[in-house]
Amino acid sequence: MTLCSTRGIILRVVDYGEADKLVTLYCPDLGRVKGIAKGAKKSKQRFVNKLEEFSLLGFFYRPPRGPEGLLLISEAELLDAHLSLRLDFRRYGAAMYLCELMLRFTRDHDPDQRLYTLLKWAFAALDQGKTPQQIITFFHLHLLETVGYRPELNRCAACQQSIQAGRRYVFMPGSGSLLCDTCSLGKSSHTLSLSVQTIRLLASAQSFELDRLHRLRFSPQALTEAVTALHHFSLHLLQQDIHSWRLLRSLMPGPLPHQATPDLALGDENERTDRDS
């Protein structure tokens, strides 16, 4: 079989048998793929200190024999270890959450250069010491837009009026849209309160390119509101828990935004979150 080469960012690594490792990566040309690194646990040269979550690799592989098969990773070159993400607890929690979002919102062998660029940017920003919750917010917004689930953050979904200072708004995770204080009266849907400041910052972040996002500044409470709202929206879309959320939530400053009604349809994680907060 022909030996091929590419690069990819490691999303997950698990031991396989006594000597091998199963590696899940996101590559610009292959998308999300799984590969097996034979003898990686005992390697002294080919894989030593290279097959770690968050690392950017260049690697050689043999294609799978069938559509459901594994790549056979024969050799790897470490391009960027993003070492600080494994040494700092806050950055580690953020990076794990980003990896899980990528795993949940992508499919095998379905490449998208924009997603690879987004993930590479996010890990580099975390590695450079940027605020983890802010990078999570920017990443999450752009991920949702790329996969076709852009939240509507410019107006009330009911009356269609633009966001106005001095009014109160709630975010509806079921639709990814907002309701103003008038239109939300008497609504029984599950909602999260968001300040006008948070909404405007989120709307700006949606329109900014990655290299301009550093111009935006969120307060700690605005970041907590933003991360929580996007998380609940993704829970609704995925209809399954995001397991790294519990660690991430424990690292966020300030109280979580008020949730009007526990969203039991999203499973036990939401019920625990509401009870804990």
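With N set to the number of residues, divide the alpha-carbon radius of gyration of the stretch 84-231 by 2.2 N^0.38 Å and report two decimals. Walk me through the intermediate numbers first.
Working: Rg = 15.8 Å, N = 148, 2.2 N^0.38 = 14.7 Å.
Here the answer is 1.08, to two decimals.
How high is the relative contact order of the stretch 78-179, given as a whole-number percent (alpha carbon pairs under 8 Å, six or more residues apart)?
21 percent.
How long are the semi-axes of the equivalent ellipsoid of the stretch 1-126, defined as square roots of 5 times the Cα gyration tensor eigenvalues? Whole Å, largest first.
On the way: eigenvalues 94, 63, 32 Å².
Taking √(5λ) for each eigenvalue gives 22, 18, 13 Å, largest first.
Spin-label point model (7 Å from Cα, Cβ direction): what's the residue 208 to residue 77 distance in nm?
Rounded to a tenth, the inter-label distance reads 3.4 nm.
Which loop-located trypsin sites (Lys or Arg not before Pro) does the stretch 146-181 contain, where loop means any DSSP state but H, G, I, E or B and the Cβ has at most 16 other Cβ atoms within 10 Å? Walk me through the numbers on the way to the answer.
On the way: sites: 155, 167, 168; in loops: 167, 168.
Here the sparse-neighbourhood loop sites are 167, 168.
Could you give the longest part of the chain that holds none of the GluC sites (Glu not before Pro) found in DSSP loops with at most 10 neighbouring Cβ atoms within 10 Å? Provide the component values of the computation, followed by the final result.
Working: sites that count: 18, 68, 209.
The segment 69-208 is the longest one with no such site.
Taking 7 Å along the Cα-to-C-beta vector as the label spot, tell me the residue 164-residue 65 distance in nanometres, rounded to one decimal.
Output for this residue pair reads 6.8 nm.
How much of the accessible area of the stretch 178-231, in percent, comes from carbon and sulfur atoms when a 1.4 Å probe is used? Working shown, then result.
Working: 1230 of 2350 Å².
The nonpolar share, carbon plus sulfur, comes to 52 percent.
Ignoring ligands, DNA and RNA, what accessible area per residue does the chain give at 1.4 Å, in Å²? Walk me through the numbers before you get to the answer.
Details: 13180 Å² over 277 residues.
So the chain comes to 48 Å² accessible per residue, rounded to a whole number.
Looking only at the stretch 9-38, which residues have a backbone nitrogen under 16 Å from a spot 7 Å from the Cα of residue 108 in the C-beta direction?
Output list for this probe position: 11-14, 22-27, 30-37.
Where nothing but the Cβ of Lys and Arg (+1) and of Asp and Glu (-1) is charged, how large is the charge dipole of the chain around its Cα centre, in debye to the nearest 20? Kindly include the intermediate steps, with their values, before the conclusion.
Numbers: 34 positive and 29 negative charges, 95 e Å.
Value, rounded to 20: 460 debye.
With a ≥ b ≥ c the root eigenvalues of the C-alpha gyration tensor of the chain, is it rounded (a/c under 1.5), prolate (a/b larger than b/c) or oblate?
Working: a/c = 2.17, a/b = 2.11, b/c = 1.03.
Here the chain falls in the prolate category.
The values are calculated or read from the model by the stated rules, or taken from the named source; none is laboratory data. Computed from a predicted model, the values in this text were never measured in an experiment. In this analysis, Cβ positions are derived from the backbone assuming ideal geometry, glycine residues included, and neighbour counts consider all displayed protein chains. For the accessible areas, the whole protein counts, side chains as well, though only heavy atoms, and no ligand, DNA or RNA atoms are used. Shrake-Rupley method; radii C 1.70, N 1.55, O 1.52, S 1.80 Å.
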